[in-house]
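As structure tokens, the structure follows; a few thoughts come after it.
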Amino acid sequence: MSSNSILGEHPARDAFGSYTIAEDCLTGSDIPHRALTQDDNVRNSTINQLREALIDHHVSASMIAQDRRIIQNLISQGYPVNSTRRFPIADKTRKGNLAEVFLAEYICSATSSELPVYRLRYNPNVEQSMKGDDILAFDFVSQQPRIIVGEAKFRGTPSKKAVQDIVSGLIRSHQAGLPTSLQFVADRLYESNNTILAVRVANCAIQFVTGRLDINYVGLLISDTNSKSNVDQHTEGSLRNLVMISLGINNPSQLVNDCFERIEESL
């Protein structure tokens, strides 16, 4: 198995993730690994892509319109209002959300999968990470329905534990059988009257039991330029249908700050 068998080709020009350079290889445990590096010459393009994706994952157009109405009503009554709170301020949460958003968008860009629900829009506390699967993408285009389960971590400095946490999280998902967030996704689709897609997602439970559902697993580590070597050295090789992604960045923490800087004001 290769990275391409789960992920497909690295995204072409202007697609999400195309501003990174990809190398497909194997870890020391023979797990497919797509090592991404950022070209500093196009760092601004990477930031622009990520900012747009972060906005999409956190707020919908209707949520933005609702916030604007509330702000205007408060201002008209003489109350000082700067903006609403849709994005985290906590550094740890920002890093986790950025890693999750990058993995979701990269998977959808590199495969025929789609992300039917942006789960961060449903987070009751923007300062805390959400429970459940980081990524649940669905591919209903392939010959057999497929779910891609993703686990993403951001670390300022890569470590053995970070890689082990990613893999162990995906192993737990595999051992549980169906992804824990499957019903959550189906319920949100029913609520938004996207009935056809909701039924397809819900039917994955039946297809799983009858052996007609493929489930793949993708782990991502975003860190500094030593990300690749850490993933190569510390990835456990016991899980089938797994591919690892590393994203190596010069000064990764600054990238997070740049992506979130004054993001509320850009709505």
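The values are calculated or read from the model by the stated rules, or taken from the named source; none is laboratory data. Fair warning: this is a prediction, and the values are worked out from it, not measured in the lab. No Cβ is skipped: glycine too gets one built from the backbone with ideal geometry, and neighbour counts run over all protein chains shown. SASA here: full protein model, heavy atoms, side chains in, ligands and nucleic acids out. Shrake-Rupley method; radii C 1.70, N 1.55, O 1.52, S 1.80 Å.
For the reader, a short list of remarks on this structure follows.
- Of all residues making up region 66-80, the number that are open to solvent by 40 Å² or more (accessible area, probe 1.4 Å) and either among the aliphatic types (A, V, I, L, M) or at pLDDT 95 or above (or both): 3
- Single unsatisfied condition, I55 versus (1) closer than 22 Å to T225 by Cβ; (2) open to solvent by less than 40 Å² (accessible area, probe 1.4 Å); (3) part of a helix (DSSP H, G or I): (1)
- For region 36-48, the set of residues classified as open to solvent by 30 Å² or more (accessible area, probe 1.4 Å), among the polar types (S, T, N, Q) and assigned to a helix (DSSP H, G or I) consists of N41, N44, S45, N48, listed by residue number.
- The condition of being out of contact with any Phe, Trp or Tyr (no Cβ under 7 Å at 6 or more places or on another chain) and under 20 Å from T20 (Cβ atoms) holds for only one of E100, E127, that being E100.
- Among the candidates K228, K160, residue that is at pLDDT 95 or above, surrounded by 15 or more Cβ atoms within 10 Å (Cβ to Cβ) and among the basic types (K, R): K228
- Any hit, region 91-105, residues being over 21 Å from the mean Cα position of the chain (by Cα), under 30 Å from R240 (Cβ atoms) and open to solvent by less than 70 Å² (accessible area, probe 1.4 Å): no
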